[in-house]
């Protein structure tokens, strides 16, 4: 009996249902991908070596903000809960580490560990208390909590060192700006890995189910409460870690840094970076952290802005304040997937797939009946 | 008013009576007056918040800056010589225009989006407005004249209440009642509620959901502008972003306390929050709290309300 | 990240720092004649030790500066001692809040920071031995953490020779710590003493808040007040001010009738409550140490309650014309100390100020009080640089500061440092708000009121 074969089917599998060969890049394709990877690596790993210390400090901040974006993404991107007080989570980590290292004389590693733990614990408490509070109301609670952290918790003098803040020197072996930068990159890599593993696991998928529809999720046997708390702990722990890294990077922590505006800034960079896209989040976090720096550095840009002299000169600081929300609005309205969505075709290409300009990730099904 | 709301009203009255009694005993009666006088500003902003929530299901973070745009316009017009009355009118129009643009450019495209994303978008609008104000004024404050010069119209418990404040309280009360009736008795009001709950059905009966949306946002912007224009001159000055930093968060707390779905609730909530702030800032027992005591107290109240009675005093349970 | 605190404008400190110029009156070279009001003795400000001059051997203070001999003193040149100094240029880094709470108007600052140097280079270039001065400015967003960052940037990136704190006690303290750890001279106007007193390379050019307490008592006495209210920000750095006022009051025989701390982020209900309490206590004068925004808020609430005490305070920012611009009529009864006088009398003290502005500033940027603060500061620094001599290095500079008899630029009260006492202020001016003037402004009612 003649076997019907489709033209694509190689003869060996004539009796099997037709399958498509997985896409394999050509040799040239491999070379191209390799070059792009090399370029990225050069930018992130090699470029800092030639820059002055103060520039590298900015890059470190960028790396830490990337961690913050990843942490906020766990709540906003995976679970669908918004935190308008994330500066508190990060700040607690910063002060914890600074306190332990400067006042208690502990080592940097103890400080970082404690900061991560306390960040997670604090998030757990807040999450536990607010379990019954849904969606938008929860946003208000986090907002209020953020204010409490800035205006009450961080004003406890014994813990936070009074007005000028707490010093937090870098650890031995990593005292130079460059070494510390690589240390932070390492931490970033660890966080990315943890995030990746988590989302591949059952708990990760449970979180995503929560975002879609908690009620439906619970019918699948997902313990909604536990999953939520889990998300909180992970988010808080990441945030605490970022805080500790920031503290030692700046070598100083002060209460007024962790303001409501900073929390909004974190939300902006996470959303513009692109929810649920790790690459986008890292780029988003770094980009926003470096925005004033970039404005200073891109030749001619600062002068161009300064031409705007009326009513007041448009300094990089003012420019950042204006650009950030513009990007946020643009993003939310036109490009909901953020940077992550836009670079997805390139990202897929770099991991060995075909370059597909229209690949914008799995289709998102929005369930909009959840009113608060 | 259904049972739940009746119960809420009773609870509210009970709280009020207890609070007043306690304050009387502590010799702090002036906190009541201070609270009511400041709280009326929060209440007016809260009215706008509740309005938007009832009609679009959104927490409007830009509500404060609807007022911010208005107050800036008022300053700019008045300081270039425009008579005060016209300046106020201009300010209200500017606020309404801002609300209109926000609805068209930001809210409309996000009709189907999750409410959390819309919240983020309104926060973006607020941030942009604040950034522009900071740039415009080089981050410096500016004086603002009042509409009604008499400062000591009546004195209660030693606190002088000016004409400006009486107007604020009066406007708040009238608007709360009028809007409450509007949503329960008029066709337009009912249509707005209907549109928020069943947009498709509303369209099917021939009502343009889009037009309703524009209408409510412009109305909310008007409320925000009114709040700013009447309340801020009482303090004599404004700084960029003051509406969000100083009024929005208490207003949200007021709305939650009173019930996010209840317009009269916003009124009541505003006054209560004002009193809470006044007491928290002045009562002895709170002064040992590190930093700003009222922040912590308000947080606890918010948390308490959301855990114990999430619909607030006068709201409907979800 | 730039954090945007919107509400409180804490400008006072900004300007305090700006006014931290040294009054350098070392030697004959163009020192401005001491004005009519009683010149302060060379007594150190309250709370410090021996009177000013400890002439270390080798430090010549009366003859024209010996430009060759380096001043002997406790500072030893370390690595990077001559960073920021070249044959043509000296780099000075200033940080101040432009965004964030208590911002200063950036345009005034931007222009004002350079005017004196432009003037000096043209009129007396030999004073700086042929060098130009380049001022680098960074926004510290009113945040100590950010202040340390920008200070580091200015030193490492821009190669600043010395740093100047433009505002904010907390930012100044934070940056001063960094500067002292690295042997970089750091100057600011006087703010608090705690946290700064032990820093090796920190120098306060004007009276600290605590040092101004006795002056405030004197002002109260002059106005026949025996009992006053005290309202101070609830922040640890101001605790010492409260204590200083307490002891100064006791010494002067005055009583504090009502005392309270107010939150930095005090909202309307809190301000109203404080005003109510003050009113009920019947205090005719209130000593305050807050920010201009909170001061204006309190004054307005006071006016609303028909309560108009004399509002008095130390420091600079509350005495700026910006405050009268947006606080009148409520601030009419405000009386504030300031390291510099206001524009109304400057022509008699230093006529070069207005002419320099006319010559070097753009037409739409008239001379203002912020410009004056910066002018005075820069002028003092100029005198200090001159006194150090051509062989300029950080150690030599600081040695000159502590061994010199004093620096008098005619606008500040003379600035005097000793090896043990880096708080160099010796006097202040008294400014009284005048809302009827056009433009509204502060008038200088007393000049060079001495401490102690």
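The values are calculated or read from the model by the stated rules, or taken from the named source; none is laboratory data. Source: prediction; values computed, not measured. Every residue, glycine as well, gets a Cβ built from its backbone with ideal geometry; the counts of neighbours run over all protein chains shown.
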>> Filter segment A:165-182 down to the residues that are in contact with a strand residue (DSSP E or B) (Cβ under 8 Å, 6 or more places away or on another chain) and either more than 11 Å from chain C (Cβ to nearest Cβ) or buried (at least 23 other Cβ atoms within 10 Å of the Cβ) (or both) and list them by number.
In response: A:165, A:166, A:168
> Taking the stated definitions as given, is residue A:118 away from every other protein chain (no Cβ under 13 Å), part of a helix (DSSP H, G or I) and buried (at least 23 other Cβ atoms within 10 Å of the Cβ)?
Replying inline: no
>> Which of the numbered conditions does residue C:197 fail, given that it passes all the others? Conditions: (1) in the same structural domain as residue C:281 (by TED's automatic domain parsing); (2) surrounded by fewer than 19 Cβ atoms within 10 Å (Cβ to Cβ); (3) within 25 Å of residue C:449 (Cα to Cα).
In response: (1)
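Any idea which of C:392, C:431 is in contact (Cβ under 8 Å) with a residue 40 or more places away in the chain, over 19 Å from residue C:372 (Cβ atoms) and in contact with a strand residue (DSSP E or B) (Cβ under 8 Å, 6 or more places away or on another chain)? Before the answer, list the steps.
Numbers: C:431 fails: over 19 Å from residue C:372 (Cβ atoms).
Selected residue: C:392, the only one of C:392, C:431 that is in contact (Cβ under 8 Å) with a residue 40 or more places away in the chain, over 19 Å from residue C:372 (Cβ atoms) and in contact with a strand residue (DSSP E or B) (Cβ under 8 Å, 6 or more places away or on another chain).
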>> Being within 12 Å of chain C (Cβ to nearest Cβ) and under 19 Å from the mean Cα position of the chain (by Cα) is the filter here; which residues of segment A:40-70 pass it?
In response: A:57, A:58, A:60, A:61, A:62, A:64, A:65, A:68
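Tell me the residue from C:345, C:323, C:335, C:294 that is under 24 Å from residue C:235 (Cα atoms) and either without any contact (Cβ under 8 Å) to a residue 60 or more places away in the chain or more than 14 Å from chain B (Cβ to nearest Cβ) (or both), please. Explain how you work it out, then say what you get.
Numbers: C:345 fails: under 24 Å from residue C:235 (Cα atoms); C:323 fails: either without any contact (Cβ under 8 Å) to a residue 60 or more places away in the chain or more than 14 Å from chain B (Cβ to nearest Cβ) (or both); C:294 fails: either without any contact (Cβ under 8 Å) to a residue 60 or more places away in the chain or more than 14 Å from chain B (Cβ to nearest Cβ) (or both).
Answer to the check: C:335.
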>> Every residue in segment C:271-284 that is more than 11 Å from chain B (Cβ to nearest Cβ), in contact (Cβ under 8 Å) with a residue 40 or more places away in the chain and either over 29 Å from residue C:343 (Cα atoms) or surrounded by 24 or more Cβ atoms within 10 Å (Cβ to Cβ) (or both), please.
In response: C:278, C:281, C:283
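Take the residues in segment B:262-290 that are free of Cβ contacts under 8 Å to residues at least 24 places away in the same chain and crowded, with 24+ Cβ neighbours inside 10 Å; name whichever of them is farthest from the other protein chains (Cβ to nearest Cβ). So that I can check it myself, show each step before the final result.
Just the residues of segment B:262-290 that are free of Cβ contacts under 8 Å to residues at least 24 places away in the same chain, to begin with: B:280-281, B:284-290.
After this cut, where a residue has to be crowded, with 24+ Cβ neighbours inside 10 Å as well, the list is B:280-281.
Values: B:280: 8, B:281: 4 Å.
Among those that are free of Cβ contacts under 8 Å to residues at least 24 places away in the same chain and crowded, with 24+ Cβ neighbours inside 10 Å, it is B:280.
Kindly evaluate residue B:188 against the criterion of being more than 14 Å from chain C (Cβ to nearest Cβ) and either surrounded by 20 or more Cβ atoms within 10 Å (Cβ to Cβ) or under 27 Å from residue B:143 (Cα atoms) (or both). It would help to see each step written out before you state the result.
Values: more than 14 Å from chain C (Cβ to nearest Cβ): yes; either surrounded by 20 or more Cβ atoms within 10 Å (Cβ to Cβ) or under 27 Å from residue B:143 (Cα atoms) (or both): no.
So residue B:188 fails the test.
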> Which condition does residue C:241 not pass, out of (1) part of a loop (DSSP other than H, G, I, E, B); (2) assigned by TED's automatic domain parsing to the domain that holds residue C:316; (3) under 19 Å from residue C:170 (Cα atoms), if it passes all the others?
Replying inline: (1)
> When you go through (1) away from chain B (no Cβ under 14 Å); (2) at pLDDT below 85 one by one for residue C:105, which number turns out not to apply?
Replying inline: (1)
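With farther than 28 Å from residue C:89 by Cα, assigned by TED's automatic domain parsing to the domain that holds residue C:90 and surrounded by 21 or more Cβ atoms within 10 Å (Cβ to Cβ) as the only criterion, which of C:413, C:356, C:367 stands out? I'd like the intermediate steps shown before the answer.
Values: C:356 fails: farther than 28 Å from residue C:89 by Cα; C:367 fails: farther than 28 Å from residue C:89 by Cα.
Within the list C:413, C:356, C:367, the selection yields C:413.
Would you mind stating whether residue B:236 is out of contact with any strand residue (DSSP E or B) (no Cβ under 6 Å at 6 or more places or on another chain) and surrounded by 24 or more Cβ atoms within 10 Å (Cβ to Cβ)?
Considered against the rule, which asks whether it is out of contact with any strand residue (DSSP E or B) (no Cβ under 6 Å at 6 or more places or on another chain) and surrounded by 24 or more Cβ atoms within 10 Å (Cβ to Cβ), residue B:236 comes out as yes.
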> Taking segment C:146-173, which residues are free of Cβ contacts under 8 Å to residues at least 60 places away in the same chain and within 7 Å of chain A (Cβ to nearest Cβ)?
Replying inline: C:148, C:149, C:152, C:153, C:156, C:157
> Where residues in segment B:49-61 are closer than 19 Å to residue B:270 by Cβ and more than 10 Å from every other protein chain (Cβ to nearest Cβ), which of them is nearest to the chain's Cα centre (by Cα)?
Replying inline: B:49
> residue A:199 passes all but one of (1) surrounded by fewer than 19 Cβ atoms within 10 Å (Cβ to Cβ); (2) under 20 Å from residue A:123 (Cβ atoms); (3) within 13 Å of another protein chain (Cβ to nearest Cβ); which number fails?
Replying inline: (3)
> Any residue at all in segment A:291-308 that is in contact with a helix residue (DSSP H, G or I) (Cβ under 7 Å, 6 or more places away or on another chain), within 14 Å of chain B (Cβ to nearest Cβ) and crowded, with 24+ Cβ neighbours inside 10 Å?
Replying inline: no
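Look through segment A:128-164, keep the residues that are under 19 Å from residue A:254 (Cα atoms), more than 7 Å from chain B (Cβ to nearest Cβ) and under 25 Å from the mean Cα position of the chain (by Cα), and return whichever of them is surrounded by the fewest Cβ atoms within 10 Å (Cβ to Cβ).
Step one: list which residues in segment A:128-164 are under 19 Å from residue A:254 (Cα atoms), which gives A:145-164.
Filter once more, so that each one left must be more than 7 Å from chain B (Cβ to nearest Cβ): A:146, A:149-150, A:153-154, A:157-164.
Still in the running and under 25 Å from the mean Cα position of the chain (by Cα): A:146, A:149-150, A:153-154.
On the way: A:146: 25, A:149: 27, A:150: 28, A:153: 21, A:154: 27.
Looking at the filtered set, the residue picked out is A:153.
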>> Considering only residues that are outside any helix (DSSP H, G or I), surrounded by fewer than 20 Cβ atoms within 10 Å (Cβ to Cβ), without any contact (Cβ under 8 Å) to a residue 24 or more places away in the chain and touching a helix residue (DSSP H, G or I) at 6+ places or on another chain (Cβ under 9 Å), which ones fall in segment B:291-318?
In response: B:310
>> Suppose the filter is more than 23 Å from the chain's Cα centre (by Cα) and in a strand (DSSP E or B); does residue C:225 pass it?
In response: no
> Conditions: (1) closer than 25 Å to residue C:217 by Cα; (2) at the interface with chain B (Cβ under 10 Å from one of its Cβ atoms); (3) crowded, with 23+ Cβ neighbours inside 10 Å. Residue C:268 meets all but one. Number of the miss?
Replying inline: (1)
> Which is within 21 Å of residue A:141 (Cα to Cα) and either more than 11 Å from every other protein chain (Cβ to nearest Cβ) or surrounded by 24 or more Cβ atoms within 10 Å (Cβ to Cβ) (or both), of A:80, A:105, A:85?
Replying inline: A:85
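From the list B:222, B:248, which one is touching a helix residue (DSSP H, G or I) at 6+ places or on another chain (Cβ under 7 Å), within 14 Å of chain C (Cβ to nearest Cβ) and closer than 22 Å to residue B:107 by Cα? Outline the logic, then answer.
Values: B:222 fails: within 14 Å of chain C (Cβ to nearest Cβ).
When all the criteria are applied, what remains is B:248.
Which of the helices (runs of 4 or more DSSP H) found entirely inside segment B:62-147 contain at least 3 residues meeting this: under 17 Å from residue B:218 (Cα atoms) and within 11 Å of chain A (Cβ to nearest Cβ)?
Details: elements: B:63-79, B:84-101, B:115-136.
Per the criteria, B:115-136.
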> In segment C:89-130, what residues are in a loop (DSSP other than H, G, I, E, B), without any contact (Cβ under 8 Å) to a residue 60 or more places away in the chain and crowded, with 18+ Cβ neighbours inside 10 Å?
Replying inline: C:98
>> So, in segment B:24-48, exactly how many residues are away from chain C (no Cβ under 12 Å) and over 19 Å from residue B:309 (Cα atoms)?
In response: 8
